[in-house]
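Let me begin by presenting the structure, written as structure tokens, before commenting on it.
The values are calculated or read from the model by the stated rules, or taken from the named source; none is laboratory data. Just so it is clear, the structure is predicted and the values come from calculations on it, not from any experiment. Cβ placement follows ideal geometry from the backbone for every residue including glycine, while neighbour counts extend to all protein chains displayed. For the accessible areas, the whole protein counts, side chains as well, though only heavy atoms, and no ligand, DNA or RNA atoms are used. Shrake-Rupley method; radii C 1.70, N 1.55, O 1.52, S 1.80 Å.
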Amino acid sequence: MNGDGESAAAAYARHVNDGLARLLSFMGLDAAAVRAEGCFVWDEQGRRFLDFLGGYGVFSFGHRHPRIVAAVTAQLERMPLSAKILFDKPTAELAARLADITPGSISKFFFCNSGTEAVEGALKLARLASGRSRIIYAENSFHGKTLGALSATGRDKYREPFLPLLPEFTGVPFGDATAMAKALDETVAAVILEPIQGEGGVIVPPLGYLAEVRELTRQRGALLILDEVQTGMGRTGYNFACEREGVEPDFILLAKALGGGVMPLGAIGGTPEVWAKFEQNPLIHSSTFGGNPLACAAGIAALDVLQEEQLAERAAQEGEPFLARLRKLAADYPDLVKETRSSRSRCWSHSRSMRRK
Amino acid sequence: MLVAFTLNAPEVIRFEPPLNTPHQLFDEVAEKVATALAETKKLVSEFA
Ligand SMILES: Cc1ncc(COP(=O)(O)O)c(C=O)c1O
């Protein structure tokens, strides 16, 4: 209940968004969450929910991982936000730690507060670095819902109400290197891709696709932006999904699990080459709260957990038997389940008539 | 209650557990999925 005795669902309906309130109620999820730990969330009545939604990729380390909570609490006691007058140690440390584990020569980082902001920044920095303007994105992709990110998002249902979007964005079929080769000419600043399409229903491209796109972008002088907002931080059995094909992008985008499931945190990683013009004019892109010490403390602790608990390896191991069971169920119920897809720890069932289990 | 879905692609049920999920929870979830499928099949055949 809220202060005036109104339930959270009723207050959402009146003051947040009635359509959203009705959608959650229709799905039987109209209770208010009050506590979370590990894989579980509890509501006001003390009912326990087994959370296999995972915040769309946020809770790779579970809810309130003790080590991450401790790091954030300690930083909160010292200095949560940047004074913006001196260097911030957690920001510096997180950038250095990410440089150690991100692919290829990626060694420069810009911090922000969400995945969408990371996409926006990368699109700008790619135009700045290349001196070109055209962006190629994949159909069925999801990169966020702000205007720039939406212009690179290949989902009509999100695009159409807001047309016209930014000019010079071209969509190509995902997983089709021939279509990419056709679209990629000398006007293209960058290609932006998810290594595995997450929100699009988890579409894994054919093995070799990313490497081919990398090669094509190199040939045509375009940059490659890999959006690992959802696939990064161990989720697919690798620290970053592009490691599966040994692909080294020019930009890598991180968010969601980067904040350890405790703080909002996003990052754009880039090579020294794509950062050079940004370094000549460092205020050309900035964020008041991006890279704040509290969020960066969470990011550092998240990297500690990822590495020390060997979560990428664990994801790969644990995912397989679970996937086998889901595949068997799909075979037992062919009229209900169309397909089961996975990339290591990631498992998805594509249902025919069933919406939710 | 097990919660697993995706609003952006409602025909897809995504299982996105934490990477450190204990082994026995996967068994529990697989059981729940099996029960849900069996119940849905029954419902579908009743309304067919
Ligand atoms: C691949 C990808 N990029 C970007 C975003 C946008 O991230 P955010 O919602 O944190 O702005 C998402 C969100 O689902 C995503 O899956």
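Any residue at all in region A:144-159 that's away from the ligand (no atom under 16 Å from the Cβ), away from chain B (no Cβ under 14 Å), part of a helix (DSSP H, G or I) and not basic (Lys, Arg)?
No, the conditions are met nowhere in region A:144-159.
Of all residues being under 21 Å from A:GLY131 (Cβ atoms), open to solvent by 10 Å² or more (accessible area, probe 1.4 Å) and in a helix (DSSP H, G or I) in region A:212-231, which is farthest from the ligand (Cβ to nearest atom)? Just the residue, please.
A:GLN219
Do we find a residue being touching a Pro at 6+ places or on another chain (Cβ under 9 Å) and surrounded by fewer than 17 Cβ atoms within 10 Å (Cβ to Cβ) anywhere in region B:18-26?
yes
On the given criteria, is A:THR102 within 21 Å of A:GLY261 (Cβ to Cβ), away from the ligand (no atom under 16 Å from the Cβ) and open to solvent by less than 40 Å² (accessible area, probe 1.4 Å)?
yes
With region A:16-124 as the region, which helices (runs of 4 or more DSSP H) entirely inside it contain at least 3 residues that are within 30 Å of A:PRO282 (Cα to Cα)?
Because the criterion is at least 3 residues that are within 30 Å of A:PRO282 (Cα to Cα), the helices (runs of 4 or more DSSP H) in region A:16-124 that meet it are A:66-78, A:89-101.
Look at region A:41-61 and say how many of its residues are among the small types (Gly, Ala, Ser), open to solvent by less than 30 Å² (accessible area, probe 1.4 Å) and more than 7 Å from chain B (Cβ to nearest Cβ).
Of the residues in region A:41-61, 1 are among the small types (Gly, Ala, Ser), open to solvent by less than 30 Å² (accessible area, probe 1.4 Å) and more than 7 Å from chain B (Cβ to nearest Cβ).
Scan region A:62-78 and give yes if some residue there is more than 16 Å from the ligand (Cβ to nearest atom), over 27 Å from the mean Cα position of the chain (by Cα) and either away from chain B (no Cβ under 14 Å) or under 20 Å from B:PHE5 (Cβ atoms) (or both), otherwise no.
Yes.
Kindly establish whether A:PHE110 is open to solvent by 20 Å² or more (accessible area, probe 1.4 Å), closer than 21 Å to A:ILE225 by Cα and within 17 Å of the chain's Cα centre (by Cα).
yes
Between residues in region A:112-140 that are in contact (Cβ under 8 Å) with a residue 12 or more places away in the chain and within 14 Å of chain B (Cβ to nearest Cβ) and residues that are open to solvent by 50 Å² or more (accessible area, probe 1.4 Å) and within 16 Å of the ligand (Cβ to nearest atom), which pairs lie under 6 Å by C-beta distance while being six or more apart or on different chains?
Within 6 Å, the pairs are A:THR116/A:THR146.
Test of understanding: among B:THR35, B:THR21, which residue is more than 7 Å from every other protein chain (Cβ to nearest Cβ), free of Cβ contacts under 8 Å to residues at least 12 places away in the same chain and over 23 Å from A:SER25 (Cβ atoms)?
B:THR35
Could you give every pair whose Cβ atoms fall below 8 Å, whose first residue belongs to region A:70-88 and is among the hydrophobic types (A, V, I, L, M, F, W, C), and whose second residue is open to solvent by 90 Å² or more (accessible area, probe 1.4 Å), counting only separations of at least 6 or pairs across chains?
A:LEU81/A:PHE289
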